[in-house]
Amino acid sequence: MRSLEAEGVDTIFGYPGGSIMPVYDALFDHTDRIKHILVRHEQGAAHAAQGFARVCGKVGVCLVTSGPGATNTITGIADAMMDSTPIIVIAGQVGKAVLGTDAFQEVDLVGITQPISKWSYQIRSAEDVAWAVARAFYIASTGRPGPVVLDFTKNAQVEQIEDYAPKVVDYVRSYLPEPDTDPLSLVKATELINNAKKPFVLVGQGVELGAATEELKAFVEKGDMPCGCTLLGLSALPSNHPLNKGMLGMHGNLGTNVKTNECDVLIAVGMRFDDRVTGDLKTYAKQAKVIHLDIDPTEIDKNVKVDVAVLGNCKKTLKKLTIMMKANQHKEWIDSFAPYEEKEYNEVIKKELNPGEGPILMGEVVNAVSEATSHQAILVTDVGQNQMISARYFKFTQNRSIVTSGGMGTMGFGLPAAIGATFGTNRTVCLFLGDGGLQMCIQELGTIMEQQAPVKIIVLNNNYLGNVRQWQAMFFRHRYSFTPMMNPDYVKIAQAYDIPAKRVIDRKDLQAGISEMLNAEGPYLLEVAVIEEGNVLPMTPPGAPINEMLLEC
Ligand SMILES: Cc1ncc(C[n+]2csc(CCOP(=O)(O)OP(=O)(O)O)c2C)c(N)n1
């Protein structure tokens, strides 16, 4: 507890059990300084820690018991690894003397988590605790952030040592959190940027993680360079910035994807060329010189071969490039996005936002909520159509405003992540999720009830596993194999948890429902019956060239 306090921990998400009881017993005396949020399932603890870390930039901490408690966090650890989220999972472990004997609730957590964490370590003696905790925080939070696992044997929890004092770790042998920036790479990048006629900037979450949103703005404004954002990078540049041309990738904007394959210099900042962003790699930006700014050298040339790699923290490298490069103007190139924006607006967006008659569409709900919050809220999503539609129609004015499971695409992420987010910010937290994803961590309604965590839950209920159904419609001849789903009464469920709730079926009641939800002081569940077979468009079919987007299906 003293080591955690020394690291500035004020919030822990956890669930007790036999092998972690000594730690829980110690926590009992520290609750004036450390708030413990009792979740209802350990997967919820990991995702809540992720939500917390994403919105406030601090390390999220989970505390769980050994065996099933520990394995229940695995999805969250893998998710945090994929999305570079700094969390620490402290799990109990059986005593050193019985390790390897299949003792009750023993599991090889270090073995399981090594490939999905930045560091996974078994603490076997009390002597190790101060050092291991300090090292865990250092590794989780520095460089490219990520999850760390501490597997804490029971003997180490109860052994007594004299003169205990928290430690500071600011160096780990053979771990270089921030690689040096080669000055020549900056010169080469500057030359390419200065001579570019059609530069295009890809903005990733690295910009947010590096606290480089101001530096990014200065960089793109000086070079007058249009940008596309990845899903996790969406709030790194205000949505209404004139150079922000929207989202990249499978359900991104038409212009950003078409122009990726037309630009002459592609400048990727803190992003990792995920296949949902690139589509078919054989046809991806082949005409362009590629500059990649990243803190993680293993990302360079991983998916896309680059011409210039600028290693380092993008807060520093963007600043340097901005000083070195000349001010420029690319009006004609920027204007060339307009026909694609118009086409997408006329053929997709207009129809989604102004359907007139008929069932409620997902996009109009997202748009209405975003507008009702003056685009100031934090968006948390689950996975599926709800995620893609809210990424498309929610608008951002501040950074660190989107919390979603990007790399793993973990259904069940949304509800606990939104709970965690409410502990990391005072801003309004709006959660969009589907009827499938809500049920994957529905037990966390209990956490919301107990904590009165002010999550605004918007269930886009289409009675289907919508995203999979859309793929079945588009690529499997409408054979809806196990995607229709019978639903319970969510309003009654919310009420059982003492969470105010309402169901909206008719468009005319939507605005009033949203106002009631946002005006409620604490949590609220708004279920919206949306069109059952609605599709998220545009869409690049999986594996297709990214610029070949379908506007209808
Ligand atoms: C844990 C997990 N299981 C399965 C999937 C595959 N999957 C992706 S989206 C989706 C459907 C989601 O349905 P729902 O939650 O109702 O949201 P909708 O797409 O309708 O918005 C499924 C099953 C997943 N991403 N995660």
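Points to keep in mind about this one:
- Criterion (open to solvent by 20 Å² or more (accessible area, probe 1.4 Å) and among the aliphatic types (A, V, I, L, M)) met by exactly one of A6, A53, A49: A6
- Extreme residue, surrounded by the fewest Cβ atoms within 10 Å (Cβ to Cβ), among residues of segment 158-182 that are in contact with a helix residue (DSSP H, G or I) (Cβ under 6 Å, 6 or more places away or on another chain) and farther than 14 Å from W131 by Cα: V158
- Complete set of residues in segment 317-372 that are free of Cβ contacts under 8 Å to residues at least 60 places away in the same chain and basic (K, R): K350, K351
- Hits in segment 183-222 - residues which are open to solvent by less than 60 Å² (accessible area, probe 1.4 Å), β-branched (V, I, T) and in a helix (DSSP H, G or I): T190, I193, V207, T213, V220
- Conditions (1) within 12 Å of the ligand (Cβ to nearest atom); (2) in contact with a His (Cβ under 9 Å, 6 or more places away or on another chain): number failed by F396: (1)
- The set of residues in segment 409-452 being assigned to a loop (DSSP other than H, G, I, E, B), more than 8 Å from the ligand (Cβ to nearest atom) and open to solvent by 10 Å² or more (accessible area, probe 1.4 Å) consists of T425, N426, R427, T428, Q452.
- Applying the set (1) surrounded by fewer than 24 Cβ atoms within 10 Å (Cβ to Cβ); (2) within 19 Å of H41 (Cα to Cα) to K395 leaves exactly one unmet item: (2).
- Being closer than 27 Å to V207 by Cα, of a type outside the set (V, I, T) and more than 26 Å from the chain's Cα centre (by Cα) holds for only one residue in D163, D170, D128, and it is D170.
- The requirement of being open to solvent by less than 70 Å² (accessible area, probe 1.4 Å), more than 16 Å from the ligand (Cβ to nearest atom), aromatic (F, W, Y) and not assigned by TED's automatic domain parsing to the domain that holds G51 is not satisfied by Y464.
- Residues considered: A494, A512. Of these, the only one that is under 26 Å from N367 (Cβ atoms), more than 16 Å from the ligand (Cβ to nearest atom) and open to solvent by 60 Å² or more (accessible area, probe 1.4 Å) is A512.
- Tally of residues being in a strand (DSSP E or B) and farther than 30 Å from G270 by Cα across segment 108-161: 5
- Residues in segment 44-79 that are within 16 Å of the ligand (Cβ to nearest atom) and closer than 20 Å to D102 by Cβ: T71, N72, I74.
- Test set (1) closer than 30 Å to L550 by Cβ; (2) open to solvent by 40 Å² or more (accessible area, probe 1.4 Å); (3) within 16 Å of the ligand (Cβ to nearest atom) - R477 fails condition number: (3)
- Some residue of segment 375-382 being more than 14 Å from the ligand (Cβ to nearest atom), open to solvent by 10 Å² or more (accessible area, probe 1.4 Å) and part of a loop (DSSP other than H, G, I, E, B): yes
- All positions within segment 395-447 that are charged (D, E, K, R) and touching a helix residue (DSSP H, G or I) at 6+ places or on another chain (Cβ under 7 Å): K395, R400, E444
- Filtered residues of segment 97-125 (kept if surrounded by fewer than 16 Cβ atoms within 10 Å (Cβ to Cβ) and closer than 11 Å to G67 by Cβ): D102, F104, D108
- Members of segment 209-240 found to be charged (D, E, K, R) and farther than 11 Å from V269 by Cβ, listed by number: E214, K217, E221, K222, D224
- Filter result for A97 (assigned to a helix (DSSP H, G or I) and closer than 18 Å to V9 by Cβ): no
- Of the residues I458, I499, the single one that is touching a residue at least 40 places away in the same chain (Cβ under 8 Å), in contact with a strand residue (DSSP E or B) (Cβ under 6 Å, 6 or more places away or on another chain), part of a loop (DSSP other than H, G, I, E, B) and surrounded by 17 or more Cβ atoms within 10 Å (Cβ to Cβ) is I499.
- Wholly within segment 269-362, helices (runs of 4 or more DSSP H) carrying at least 1 residues that are charged (D, E, K, R) and open to solvent by less than 10 Å² (accessible area, probe 1.4 Å): 338-344
- Hey, I193 of a type outside the set (S, T, Y), modelled with pLDDT of 95 or more and touching a Phe, Trp or Tyr at 6+ places or on another chain (Cβ under 6 Å) or not: no
The values are calculated or read from the model by the stated rules, or taken from the named source; none is laboratory data. What you are looking at is a predicted structure, and each value in this text was computed from that prediction instead of being measured. Positions of Cβ are generated from backbone atoms using ideal geometry, with glycine treated the same way; all protein chains shown enter the neighbour counts. Side chains included, ligands, DNA and RNA excluded: accessible areas come from the protein's heavy atoms. Shrake-Rupley method; radii C 1.70, N 1.55, O 1.52, S 1.80 Å.
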